[in-house]
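Trainee: This is the structure I want to talk about, given as structure tokens.
The values are calculated or read from the model by the stated rules, or taken from the named source; none is laboratory data. Everything quoted here is computed from the prediction, not taken from an experiment. Because the Cβ atoms are built from the backbone with ideal geometry, glycine has one as well, and the counts that use them run over all protein chains shown.
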Amino acid sequence: MSFPRTARTLAASVLAVTGALTAAIAPAQAATTPDTSCERVCILDARTGSHPDYDRLVFDLTDHVAQPAVQAQLSADGSYTPGAAGEMRHLAIAGKSYLLLDVYPAQARSSGPDAYTTPAVQPVSLPSLKGVQMTGDYEGHIGFGLSLGDYTRYQVSTLTAPNRIVVDVYH
């Protein structure tokens with residue numbers, strides 16, 4: 001059985017319109033899918049190394065956004081307050097002194113392609129750096145505590161290509 005020419009033309013037109021609508025709808029549906037990339041800087045991991053005069057801690061960051069600000073503060077006893085109104089806590093790894101870092105604006109995702117992969121508490125056996133601990137992730141502020149041995153001074157820098165935060169703790 002054969003359809004008349006007008007029926008075939010109508011069927012072809014319906015298929016063409018349906019295909020065009022499907023193509024037009026697909027991007028709109030994709031746009032509503034949650035984006036897995038970081039809106040702010042994502043801190044990906046922390047790595048350490050020892051040099052003759054200093055120990056180095058590097059935080060690797062996502063590359064698609066501007067560098068965050070980093071504030072550093074010495075702490076004699078390793079106490080910190082996570083979040084806005086949390087109770088006073090102490091770093092888990094003992095040290096002779098402590099350096100607290102506040103990275104803003106930033107985030108540390110727990111899963112996905114931009115996840116922070118270093119353990120929240122990471123012991124380190126270097127001359128001046130004894131441990132690194134994530135102390136909080138609250139409203140765009142990421143906190144880290146560094147447990148230190150004997151040291152004379154520290155320097156915090158942000159570098160690009162690739163984006164990273166570098167903390168040098170001198171012996």
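Trainee: Just the residues that are closer than 20 Å to P105 by Cβ and surrounded by 13 or more Cβ atoms within 10 Å (Cβ to Cβ), please, taken from the range 39-58.
Mentor: Once the filter is applied, which keeps residues that are closer than 20 Å to P105 by Cβ and surrounded by 13 or more Cβ atoms within 10 Å (Cβ to Cβ), the range 39-58 yields R40, V41, C42, I43, L44, D45, A46, V58.
Trainee: So which residues in the range 68-78 are in a strand (DSSP E or B) and farther than 17 Å from H141 by Cα?
Mentor: Selection gives L74, S75.
Trainee: Go through the residues of the range 115-138 one by one and say whether even a single one is hydrophobic (A, V, I, L, M, F, W, C), more than 30 Å from V65 (Cβ to Cβ), out of contact with any Ser or Thr (no Cβ under 6 Å at 6 or more places or on another chain) and not in a strand (DSSP E or B).
Mentor: Among the residues of the range 115-138, not one is hydrophobic (A, V, I, L, M, F, W, C), more than 30 Å from V65 (Cβ to Cβ), out of contact with any Ser or Thr (no Cβ under 6 Å at 6 or more places or on another chain) and not in a strand (DSSP E or B), which makes the answer no.
Trainee: From the list T48, T9, T36, which residue is at pLDDT below 85 and either assigned by TED's automatic domain parsing to the domain that holds D137 or not in a helix (DSSP H, G or I) (or both)?
Mentor: After ruling out the rest, the residue left standing is T36.
Trainee: Related question: Among S110, S128, which is the only one that is in contact with a Leu (Cβ under 7 Å, 6 or more places away or on another chain) and either at pLDDT 95 or above or not β-branched (V, I, T) (or both)?
Mentor: Matching residue, one of S110, S128: S128.
Trainee: Follow-up. What is the number of the single condition among (1) farther than 22 Å from R164 by Cβ; (2) of a type in the set (S, T, Y); (3) under 12 Å from the mean Cα position of the chain (by Cα) that S97 does not meet?
Mentor: If we test S97 against (1) farther than 22 Å from R164 by Cβ; (2) of a type in the set (S, T, Y); (3) under 12 Å from the mean Cα position of the chain (by Cα), just (3) comes out false.
Condition check ((1) buried (at least 20 other Cβ atoms within 10 Å of the Cβ); (2) not acidic (D, E)) across all residues:
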{"site": "D60", "(1), (2)": "no, no"}
{"site": "H90", "(1), (2)": "no, yes"}
{"site": "A108", "(1), (2)": "yes, yes"}
{"site": "A120", "(1), (2)": "no, yes"}
{"site": "K130", "(1), (2)": "yes, yes"}
